[in-house]
Amino acid sequence: MKIFSVSQIRSWDSYTISHEPVKSIALMERAAVACFKWIIQNFNKNTSFKIFCGKGNNGGDGLAIARLLSVKKYKVSVYITGERKTGSPDFETNFKRLQKTSSEIFLVNNKKAFPVLLKEDVIIDALFGTGLNKKPHGFIASLIEYINGYKTQVISIDVPSGLQSDGLRLTGRRKGETKLSDGDCQTIKASYTLTFQNQKLAYLITENEKYFGKVVLLDIGLSKEFEEKEPAQFELTDKNLISRIYQPRKEFTNKGDYGYACLLAGSYGMMGAAVLSSKACLRSGVGKLTCYTCEVGYNILQSCVPEAMCKVFGEKYINDPGDFSDFSVIGIGPGIGKYPSHKKLLKDLFATFKKPVVIDADALNILSENQTLYKLIPANSIITPHPKEFERLFGKTNSGFGRIKLALTKAQELNIFIVLKDHYTLIASPDGKGYFNSTGNSGMATAGAGDVLTGIITGLLAQKYSSLHACILGVYLHGLAGDIAAEMLSKEALIAGDIVDHLGDAFKKILTN
């Protein structure tokens, strides 16, 4: 699914209007009807709706929703902000239509005009939508703070007012300011956000979660032709994309057809990471795996992962393994620890192995302390940091959107793929595109889950998936296996080994979709 910018969404609307063709007021009606149908499916006739409308097209959506609810005998009160001056053309049309219903209509232009809100009220936020380009101020900011102060359910239409759908909360920094303000008093905190057609970037950023609540995508029939032709910087992975990437096995094959992977993993006290990563690599379908580990981990790996071969270098941690020439791909990092000799280990690996490398965990931490190694990383390699590791590698950003932009910049600069782990994990590609993963759940926030992901991606790379496709498919499978495990076990009880155990189920689900 493509994720379009605000300007692209407006172009999408315009293209639909001119090519379907359909009048803009009729397209607004589609959006309102879609919202209305969801609302009546989720709230009963006893619900009292208070609908707050600006005078742009988002407010027009609100007025149309108010009319549809009123016609169905729901109790509706509408509050139009500011003085009663002319709104957008479609707003004015819907205002005239609304006047023919039994809805109560009020003007709100100061704090004294704020309505009394009751716990049982449902508030519909149709103040600004995507049209806002600066933070709310004056009595509008006070109104948002007033709404947020009540424990009522809030439904935002398209985007919570005060949140910019391209990613940033609108905090209105003055010239010279570097720190973002909290912004809570200037951004609606929605229980639900009813948005149209495709996902928006703002809803994929962790820091915005408290504003958008549960996001509901509503299809309003925008042009498929535009969607197919229009390029997008960001995409959300879906079944269609995965089905195009996934390569089912052919019948007449042998293990040599599925690659030879090497994992440098484990050290004294951290052999669990090596076990999890190795099992995941094997479960991802790799033909053959050798683990480079240390002496204290040899018996553990041979016992827990008998399908993998082992080579020992060092007593308590991996030291100077030397030759990597036999392998299709190398993964390094899970449980290796941070030791002085590991700088040389990474340097030697990058100097002698000219194929993509998967770099995770302590290998990332060693990199962050030896940044001269960055330029030596083989082209099309993959790094898999969580947010703190990313910060250590590339520095702090002042927002989640800033982190996304930095990831794309560094992926291009270093010619690598960055798998930035989060609820919606981002895959930043060197060509400037970003792919957000759509699978996974909070139960996967558990020790060892990242080691499992490293093993999966390493195994897919060995099977001749491109670096991009190994990232997209690997992260999707990882999340899907976690979703299956959580459904069976609960999020709370889920552990990293459960993700490995359900990788087979994830593959089967992809096959049947």
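In the stretch 247-268, the residue that is surrounded by the fewest Cβ atoms within 10 Å (Cβ to Cβ) out of those that are in contact with a Leu (Cβ under 9 Å, 6 or more places away or on another chain) and closer than 25 Å to PRO334 by Cα is TYR260.
Would you point out the residue of the stretch 460-513, among those that are among the β-branched types (Val, Ile, Thr) and surrounded by fewer than 23 Cβ atoms within 10 Å (Cβ to Cβ), that is farthest from ALA273 (Cα to Cα)? So, considering only residues that are among the β-branched types (Val, Ile, Thr) and surrounded by fewer than 23 Cβ atoms within 10 Å (Cβ to Cβ), the one farthest from ALA273 (Cα to Cα) is THR512.
If you go through the stretch 278-306, how many residues are part of a loop (DSSP other than H, G, I, E, B) and touching a strand residue (DSSP E or B) at 6+ places or on another chain (Cβ under 7 Å)? Here the count works out to 3.
Here PRO385 does not qualify as within 23 Å of LYS2 (Cα to Cα) and either among the hydrophobic types (A, V, I, L, M, F, W, C) or outside any strand (DSSP E or B) (or both). Being more than 21 Å from the chain's Cα centre (by Cα) and either of a type in the set (S, T, N, Q) or at positive phi (or both) is the requirement here; does THR372 meet it? In short, yes.
This table checks each residue for (1) under 11 Å from the mean Cα position of the chain (by Cα); (2) within 25 Å of LEU468 (Cβ to Cβ); (3) assigned to a helix (DSSP H, G or I).
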{"position": "ASN198", "(1), (2), (3)": "no, yes, no"}
{"position": "TYR211", "(1), (2), (3)": "no, no, yes"}
{"position": "VAL215", "(1), (2), (3)": "no, no, no"}
{"position": "GLY221", "(1), (2), (3)": "no, no, no"}
{"position": "GLU225", "(1), (2), (3)": "no, no, yes"}
{"position": "GLU228", "(1), (2), (3)": "no, yes, yes"}
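Among the residues of the stretch 295-335, the one identified as hydrophobic (A, V, I, L, M, F, W, C) and either at pLDDT below 95 or surrounded by fewer than 12 Cβ atoms within 10 Å (Cβ to Cβ) (or both) is PHE324. Go through the stretch 409-424 and give me each residue that's closer than 19 Å to ILE3 by Cα and aromatic (Phe, Trp, Tyr). The answer is TYR424, and nothing else. Applying the condition of being out of contact with any strand residue (DSSP E or B) (no Cβ under 8 Å at 6 or more places or on another chain) and not charged (D, E, K, R) to the stretch 69-86 and asking which residue is farthest from ILE144 (Cα to Cα) yields VAL71.
Can you give me the number of residues within the stretch 91-138 that are closer than 26 Å to TYR211 by Cβ and acidic (Asp, Glu)? Number satisfying all stated conditions: 3.
In the set THR372, THR425, only one residue is of a type in the set (Val, Ile, Thr) and under 15 Å from HIS478 (Cβ atoms); that residue is THR425. Just one of (1) crowded, with 19+ Cβ neighbours inside 10 Å; (2) in contact with a helix residue (DSSP H, G or I) (Cβ under 6 Å, 6 or more places away or on another chain); (3) of a type in the set (D, E, K, R) fails for LYS338. It is (1). Contact annotation: residue pairs with Cβ atoms under 6 Å, 6 or more positions apart or on different chains, pairing a residue in the stretch 183-204 that is assigned by TED's automatic domain parsing to the domain that holds ILE123 and at pLDDT below 95 with a partner that is assigned to a helix (DSSP H, G or I) and hydroxyl-bearing (Ser, Thr, Tyr), are THR187/TYR211.
Being free of Cβ contacts under 8 Å to residues at least 40 places away in the same chain, farther than 19 Å from GLY272 by Cα, among the charged types (D, E, K, R) and not in a loop (DSSP other than H, G, I, E, B) is true for just one of LYS347, LYS311. Which residue is that?
After applying the criteria, what remains is LYS347.
Residues are listed down the side, and each one gets a yes or a no for (1) free of Cβ contacts under 8 Å to residues at least 12 places away in the same chain; (2) of a type in the set (Lys, Arg); (3) farther than 21 Å from PHE114 by Cα:
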residue: ILE3; (1), (2), (3): no, no, yes
residue: SER11; (1), (2), (3): no, no, yes
residue: SER14; (1), (2), (3): yes, no, yes
residue: PRO21; (1), (2), (3): yes, no, yes
residue: ALA34; (1), (2), (3): no, no, yes
residue: PHE43; (1), (2), (3): no, no, yes
residue: ARG67; (1), (2), (3): no, yes, yes
residue: LYS72; (1), (2), (3): no, yes, yes
residue: THR81; (1), (2), (3): no, no, no
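Of these, LYS410, LYS405, LYS375, which one is assigned to a helix (DSSP H, G or I), surrounded by 16 or more Cβ atoms within 10 Å (Cβ to Cβ) and of a type in the set (Lys, Arg)? On inspection, the qualifying residue turns out to be LYS410.
Return yes when TYR246 is touching a residue at least 60 places away in the same chain (Cβ under 8 Å), in the same structural domain as ILE359 (by TED's automatic domain parsing), farther than 24 Å from LYS344 by Cα and hydroxyl-bearing (Ser, Thr, Tyr) and no when it is not. Taking the combined requirement at face value, the residue satisfies it. For the stretch 185-200, filtering for residues that are among the hydrophobic types (A, V, I, L, M, F, W, C) and closer than 16 Å to TRP12 by Cα leaves 1. Residues considered: LYS279, LYS229. Of these, the only one that is under 30 Å from SER24 (Cα atoms), basic (Lys, Arg) and at pLDDT 95 or above is LYS229. Restricting attention to the stretch 123-136, and to residues there that are in contact with a helix residue (DSSP H, G or I) (Cβ under 8 Å, 6 or more places away or on another chain) and either at pLDDT 95 or above or assigned to a loop (DSSP other than H, G, I, E, B) (or both), which single residue is farthest from ILE155 (Cα to Cα)? Filtering first and then ranking leaves LYS135.
Checking TYR424, TYR465, TYR435 one by one, the residue that is hydroxyl-bearing (Ser, Thr, Tyr), out of contact with any Gly (no Cβ under 7 Å at 6 or more places or on another chain) and more than 21 Å from LEU406 (Cβ to Cβ) is TYR465 and no other.
The values are calculated or read from the model by the stated rules, or taken from the named source; none is laboratory data. All values derive from a computational prediction rather than experimental measurement. No Cβ is skipped: glycine too gets one built from the backbone with ideal geometry, and neighbour counts run over all protein chains shown.
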